[in-house]
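The block underneath contains the structure these notes are about, expressed in structure tokens.
The values are calculated or read from the model by the stated rules, or taken from the named source; none is laboratory data. Nothing here was measured: the structure is a model prediction, and the numbers come from that model. Cβ placement follows ideal geometry from the backbone for every residue including glycine, while neighbour counts extend to all protein chains displayed. Protein only, heavy atoms only, side chains kept; ligands, DNA and RNA dropped before computing areas. Shrake-Rupley method; radii C 1.70, N 1.55, O 1.52, S 1.80 Å.
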Amino acid sequence: MNITINGELLNVNSKALVEVLQRFGAVAPFAVAVNSEFIPQSQHGNYVLNEGDSVELLSPIQGG
């Protein structure tokens, strides 16, 4: 299945969001949006991705 994460096209075997994030190397804390819709962390374990989904993984940055 092909999806895009942060603009990078990936072919993944799993449809489970949490597994895809782990494969991508996501390190907490982070926020996730799929097709521009925020996915709460409480739903990461149950969220199922579909072919062609666009995932944005956002990590907080410090600055002023």
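Table for the structure above
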{"read-out": "Residues located in the stretch 12-46, provided they are among the β-branched types (Val, Ile, Thr) and either over 11 Å from the mean Cα position of the chain (by Cα) or farther than 18 Å from MET1 by Cα (or both)", "value": "VAL12, VAL27, VAL32, ILE39"}
{"read-out": "Strands (runs of 3 or more DSSP E) contained in the stretch 1-46 and holding at least 2 residues open to solvent by 30 Å² or more (accessible area, probe 1.4 Å)", "value": "2-5, 8-11, 37-39"}
{"read-out": "Failed condition for VAL55, given (1) in a loop (DSSP other than H, G, I, E, B); (2) touching a strand residue (DSSP E or B) at 6+ places or on another chain (Cβ under 7 Å); (3) not hydroxyl-bearing (Ser, Thr, Tyr)", "value": "(1)"}
{"read-out": "Counted residues, the stretch 47-64 - those being closer than 18 Å to MET1 by Cβ and either of a type in the set (D, E, K, R) or open to solvent by 90 Å² or more (accessible area, probe 1.4 Å) (or both)", "value": "3"}
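Okay, residues lined up against (1) touching a residue at least 24 places away in the same chain (Cβ under 8 Å); (2) among the acidic types (Asp, Glu); (3) touching a helix residue (DSSP H, G or I) at 6+ places or on another chain (Cβ under 8 Å):
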{"position": "VAL12", "(1), (2), (3)": "yes, no, yes"}
{"position": "VAL34", "(1), (2), (3)": "no, no, yes"}
{"position": "GLU37", "(1), (2), (3)": "no, yes, no"}
{"position": "GLU51", "(1), (2), (3)": "yes, yes, no"}
